[in-house]
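Q: Can you keep this structure in mind? I'll have questions shortly.
The values are calculated or read from the model by the stated rules, or taken from the named source; none is laboratory data. Bear in mind the structure is a predicted one, so any value in this text is a computation, not a measurement. Counting neighbours? That spans all protein chains shown, and the Cβs are built from the backbone with ideal geometry, glycine included. These area figures cover heavy atoms from the full protein model, side chains too; ligands, DNA and RNA do not enter into them. Shrake-Rupley method; radii C 1.70, N 1.55, O 1.52, S 1.80 Å.
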Amino acid sequence: MKRTLLGMITPSSNTVLEPYTSALLMDMFPLVTAHFQRFVVREISLEDGALAQFSLPALLEAAELLSDARMDAIAWSGTAASWLGFEVDERLCAAIVDRTGIAATTSVLALNEVLARGNVGRLGLVTPYLKDVQQAIVRNYDAAGHQVVAEEHLGDKGNFSFSEYDESTLREMIYRVAERQPEAIAILCTNLRGARLVDEIEKEIGIPVYDSVSVTVWKSLLLAGQDPSRIQGWGQLFRQSSLAERA
């Protein structure tokens, strides 16, 4: 039996992405499984110490440890590049491939690919972040051609605390963003419990909702040569054949 192994680089204070990633892949178990390596992340802000958490050496060390288990793809399941700049993740993926020989992606690059494939010009944004972090994210997406027409943020610098917001809180945030009729809504954080809401909310509001954990799994499967459409009940990202083509 040839297994497919997906490696996920994980913030140390994150308690959502591991169980939700495994839940997304449940229908593909035991042929496809996810495996996790943590590195230190305790706060999300624009302070120097918080920004330094996402240094290339720390992420590369986690990737190298995952490579010991012969992963078929490695993903940085985090969204720091949304405020640091997308090029940060592009450099990271190139470095992971160079160091390990394993295909690599990130939550932000996966989301950006989905938005580009869908020609999303008007974007809605739901995050847990502080105002200045949110403003940096909005600037980066506006510059990339995805105008943020509505946003909601919790004003929290967590990171552990992000996981304690319940689904009803996220649901109301999504509904408020949807009032502005964006072409898509992104739940931007891998420590928010949004993935399980997506299928139901998309049917209610008629707008695609892209959760950070979900898009990371989607792209990781593509890189590993697996068909994401085998995942059912987690939103239209996994149903649309145009998005299930191997990149």
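Q: Tell me whether segment 21-28 contains one or more residues that are open to solvent by 60 Å² or more (accessible area, probe 1.4 Å) and either touching a Pro at 6+ places or on another chain (Cβ under 7 Å) or at pLDDT 95 or above (or both).
A: Yes - at least one qualifying residue is present in segment 21-28.
Q: If you don't mind, another one. Would you confirm, using the coordinates I've provided, whether residue 79 is within 15 Å of residue 190 (Cβ to Cβ), in contact with a strand residue (DSSP E or B) (Cβ under 6 Å, 6 or more places away or on another chain) and surrounded by 23 or more Cβ atoms within 10 Å (Cβ to Cβ)?
A: No: the conditions fail for residue 79.
Q: Next question. Can you pull out every residue in segment 161-183 that is under 18 Å from the mean Cα position of the chain (by Cα) and hydroxyl-bearing (Ser, Thr, Tyr)?
A: Within segment 161-183, 161, 163, 165 qualify.
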